[in-house]
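First the structure, in the form of C-alpha cells, and then the observations on it.
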Amino acid sequence: MNTPKDSLYASPLSAINRFQFDENVANVFPDMIQRSVPGYATIVHAIGLLAGRFAQPHSFCYDLGCSLGAATLSMRQHITAAQCQIVAVDSSAAMIKQLQILLLSDTNPLLVEVQCADIRDIEINHASVVVLNFTLQFIPLADRLVFLKKIYQGLLPGGILILSEKLCFDDPRQEVLQTEMHHAFKKAQGYSELEISQKRTALENVLIPETFLQHQQRLTAVGFSSAEVWFQYFNFASMIALK
C-alpha cells in the first residue's frame with residue numbers, strides 16, 4: 001500500500017508545537033515510523049512470531065499504544081491459539097479511525113477489539129501477550145511503574161511483555177555516538193537536517209527515553225522474572241519480559 005511521504009517538518013516552522021499523534025501524523029505515520037526507527041519492520045515481524053509462541057488459548061493479547069495497528073496485524077497473522085482475541089488500544093482518535101479501516105481490508109478471522117482510550121485507564125485481564133511498541137516512552141515517568149505493575153498483574157503465568165523503546169545512555173560518549181548514528185540513519189532515509197532538528201524539538205519533553213538498566217530494574221521490580229534485550233539498532237531496542 002502506498003502511503004503519503006512524511007514532510008511535516010520539511011519547511012521552516014515559525015513555531016514548533018509539541019508532537020502529537022493527530023490526523024496529520026496519522027496520515028504519514030507508516031512512512032514516518034519506517035524512516036525514523038531503525039529496525040522497525042524487523043521488530044514488528046518478530047512481535048508476530050513471539051505472539052504466535054506465547055499466545056495462550058482463551059486469552060487476550062494487548063497492543064497498547066497501537067497507532068495504526070502494525071503489531072496488531074502482525075500478531076493476527078501468527079496467533080493460532082484457540083479462542084484468542086487481540087485488544088488494540090490508542091488514545092489518538094485519528095489513529096484508531098485509520099486502524100478500523102485497515103482491519104476491514106484484513107481477512108484474518110482472529111477477533112480484534114479496538115478501543116480509543118488512555119492505555120493507563122483500561123483493564124488488563126487474562127492476558128498472555130502484552131505489546132508496548134514504542135509507547136512507554138510517551139507516558140510520564142511518574143506513571144510508568146504503576147502502569148507496568150498493572151500489566152504484570154493482568155498477565156497469565158507464562159505470559160510475555162514485549163517492550164520496544166528509544167534508549168538513552170549513561171556514558172556521555174555512547175549517548176553522543178548513538179544519537180549521531182540515529183541521525184545518520186534518518187539522513188540515509190532522506191530526512192534533511194532541518195527535518196531532524198525540528199522534529200527533535202517537537203518531541204522534547206514528549207518522548208522521554210531511559211536506559212536499558214532503568215527499564216530492566218523497573219520490570220523486575222514489578223515482578224517479571226526476566227527482562228532482556230532481544231534486538232537493538234543504535235538507540236532503539238526491543239525487550240522481552242517474562243512472567
Q: Once you have a ≥ b ≥ c as the square roots of the Cα gyration tensor eigenvalues for the stretch 22-136, tell me rounded if a/c is under 1.5, and otherwise prolate or oblate according to whether a/b is larger than b/c.
A: prolate
Q: Step through the residues of the stretch 115-132 one at a time and calculate ³J(HN,Hα) from phi using the Karplus curve (6.51 cos²θ - 1.76 cosθ + 1.60, θ = phi - 60°), rounding each to whole Hz and writing x for Gly and Pro.
A: 10, 9, 6, 6, 5, 6, 9, 7, 7, 10, 9, 6, 8, 9, 9, 10, 10, 10
Q: Provide the per-residue ³J(HN,Hα) series for the stretch 179-188, in order, calculated from phi with Karplus coefficients 6.51, -1.76, 1.60 and θ = phi - 60°, each as a whole number of Hz, with x at glycine and proline positions.
A: 5, 4, 6, 5, 5, 4, 4, 5, 4, 5
**Q.** Estimated vicinal HN-Hα couplings, Hz - the stretch 165-173 in sequence order (Karplus 6.51, -1.76, 1.60; Gly, Pro = x)
**A.** 8, 6, 9, 10, 9, 5, 6, x, 5
Q) Amide H to amide H, which residues 5 or more places from residue 156 or on other chains are under 5 Å from it, using H placed in the peptide plane? A) 127, 128
(Q) Give the lysines reachable from residue 150 as a straight Cα distance under 21 Å; neighbours fewer than 8 places away on the same chain don't count. (A) 243
Q. How far, in degrees from 0 to 90, does helix 23-36 lean away from the longest principal axis of the Cα atoms of the chain, to the nearest 10?
A. 90
Q. Can you list residues whose amide H is under 5 Å from residue 210's amide H, if they're 5+ apart or on another chain and H is modeled 1.01 Å from N?
A. 168
Q. Taking neighbour Cβ counts within 10 Å as the exposure measure, how do 224, 169 sort from fewest upward?
A. 169, 224
Q: Run the numbers on the chain and let me know its relative contact order in percent, using alpha-carbon pairs under 8 Å that are six or more apart.
A: 22
(Q) On C-alpha positions alone, give me the angle between the axis of helix 212-222 and the longest principal axis of the chain, in degrees, nearest 10. (A) 30
**Q.** Spatially proximal lysines relative to residue 199 (Cα-Cα < 17 Å; intrachain offsets below 8 disregarded)
**A.** 5, 166, 186, 187
(Q) Between helix 40-54 and the chain, what is the angle of the helix's C-alpha long axis to the longest principal axis, kept within 0 to 90° and rounded to the nearest 10? (A) 10
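Bear in mind these aren't lab numbers, they're just calculated from the coordinates by the rules spelled out. Note that this is a predicted model, so its numbers are computed, not measured. Quick reminder, even Gly has a Cβ in these numbers, built from the backbone with ideal geometry, and neighbours come from all protein chains shown.
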